[in-house]
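Heads up, the thing below is written out as structure tokens.
What follows is calculated from the coordinates using simple rules that are stated; it is not laboratory data. A quick note: this is a predicted structure, and the numbers were derived from the prediction, not measured. All Cβ positions, even for glycine, are placed from backbone atoms using ideal geometry, and neighbour counts span all protein chains on display.
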Amino acid sequence: MIKYDLNERVAVVTGGAQGFGLATTEKFIESGAKVIIWDIDEEEAKKAINKIGSKYLTYQIVDVSNFEAINKNLIEIESSHKKIDIFINNAGITGMNTTLQEYPIEEWKRVINLNLNSVFYCCKAVVPFMIKNNYGRIVNIASIAGKEGNPNASAYSTSKAGVIGLTKSLGKELAQKNIAVNCVTPAAAKTRIFDQMTEEHINYMLSKIPRNKFAKVEELASLVTWLASEENSFSTAAVFDLSGGRATY
């Protein structure tokens, strides 16, 4: 097991109480970071706190689609911890599985708002804190769907493609500073997000993976931890695949 050094680092993980976010939170704590989970579900956040059982882990209930709430909570974190080193944009939803012509407009707006607009809001809010501190690591969790476009998942695929574009743009903007901005494009993993998908869609995703299995949340957490570490001093504006062979570019 590789041990990463995140000692004295202060990290925020959105959607950190479940799935990829929880695995990342656990890995960060193991690596010595102080972690603040941002989640909208207080019950799940409390479960995560109890499961991990670390004095270096806390949570805030934050709606990441609300810029004012994001800013307010970042100010509170800086007041308590004096800095913000790492920010992981992980919160998201899959939305409906249906054809584009049948996709409800309000559902489209909901998916784009949470999966893409929230990443913009969080990055916009946290970057000034990192510039002031002359250090930062931002990792955005996109999806292989953002590269390939899954049928019957137009809003999700579009939102994740947008996250990839945002990552490349912001990474280049901050390249002359000690701030790295990267994203990860995992294939599907068996998390509670599967509850939002049809069985047909789940089987379709599995059929596209040459390894013929879903990703492990622990594997994503390890990759994210390296990207969030000081060891990653060069890579920025990059896309890291975790697709089991599915990605072709």
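Largest first, the three principal axis extents of the alpha carbons in region 1-57 are 30, 20, 18 Å in whole numbers.
Report the extension gain between Ile40 and Ser79 in nm, rounded to one decimal, defined as 0.36 nm multiplied by the number of residues separating them, less their alpha carbon distance.
On the way: separation 39, 0.36 × 39 = 14.04 nm, distance 2.18 nm.
Extending this stretch completely gives an extra 11.9 nm.
Roughly how many debye, to the nearest 20, is the charge dipole of region 10-238 about its Cα centre, given +1 on each Lys and Arg Cβ, -1 on each Asp and Glu Cβ, and no other charges?
Once rounded to the nearest 20, the dipole reads 620 debye.
Cross-link list Lys147/Lys213; Lys34/Lys109; Lys27/Lys190: which exceed 25 angstrom alpha carbon to alpha carbon? From Lys147/Lys213; Lys34/Lys109; Lys27/Lys190, over 25 Å: Lys34/Lys109.
Note that region 89-208 shows a convex hull volume over its alpha carbon atoms of 100 Å³ per residue. Computed over region 10-238, relative contact order equals 21 percent, with contacts defined as Cα pairs under 8 Å that lie 6+ residues apart. In region 131-160, whose amide N lies under 14 Å from the spot 7 Å out along Cα-to-Cβ of Glu106? List them in ranges. Under cut-off, by backbone N: nothing. The residue among Ile112, Asn89, Ser79 whose Cα reaches farthest toward the positive pole of the charge dipole of region 16-133, with charges on the beta-carbon of Lys, Arg, Asp and Glu, is Ser79.
For region 50-126 versus region 150-177, the inter-centroid distance based on Cα atoms is 15 Å.
The overall shape of region 4-94, judged from the alpha-carbon gyration tensor, is oblate: a/c is not under 1.5, and a/b is no greater than b/c.
Counting only residues at least eight positions apart within a chain, or on another chain, the aspartates and glutamates with an alpha carbon under 18 Å from that of Lys168 are Glu148, Asp241. Summary value for region 1-67: 32 percent relative contact order, contacts being C-alpha pairs under 8 angstrom separated by 6+ residues. For the chain, the membrane-span-like helices by this rule, meaning whole DSSP H stretches whose C-alpha atoms cover at least 20 Å of axis and whose Kyte-Doolittle mean is -1.0 or above, are 67-81, 118-133, 154-173; this says nothing about an actual membrane. Taking trypsin sites (Lys or Arg not before Pro) as exposed when their DSSP state is a loop state and no more than 12 other Cβ atoms lie within 10 Å, the longest site-free interval of the chain runs over 83-210.
For the residues Phe28, Phe20, Phe234, a GNM of the chain with alpha-carbon springs under 10 Å puts the largest fluctuation on Phe234.
Take every Cα pair under 8 Å in region 102-207 that's 6+ residues apart, average their separations, divide by the length, and report that relative contact order as a whole percent.
Working: 112 pairs, mean separation 30.5, N = 106.
Normalised by residue count, the contact order of region 102-207 is 29 percent.
Each of Ile61, Asn152, Asn134 was scored by the projection of its Cα onto the charge dipole of the chain, and the greatest displacement toward the positive side belongs to Asn134; charges sit on the C-beta of Lys, Arg, Asp and Glu. Taken over the C-alpha atoms, region 10-238 has Rg and Dmax values of 16.8, 49 angstrom.
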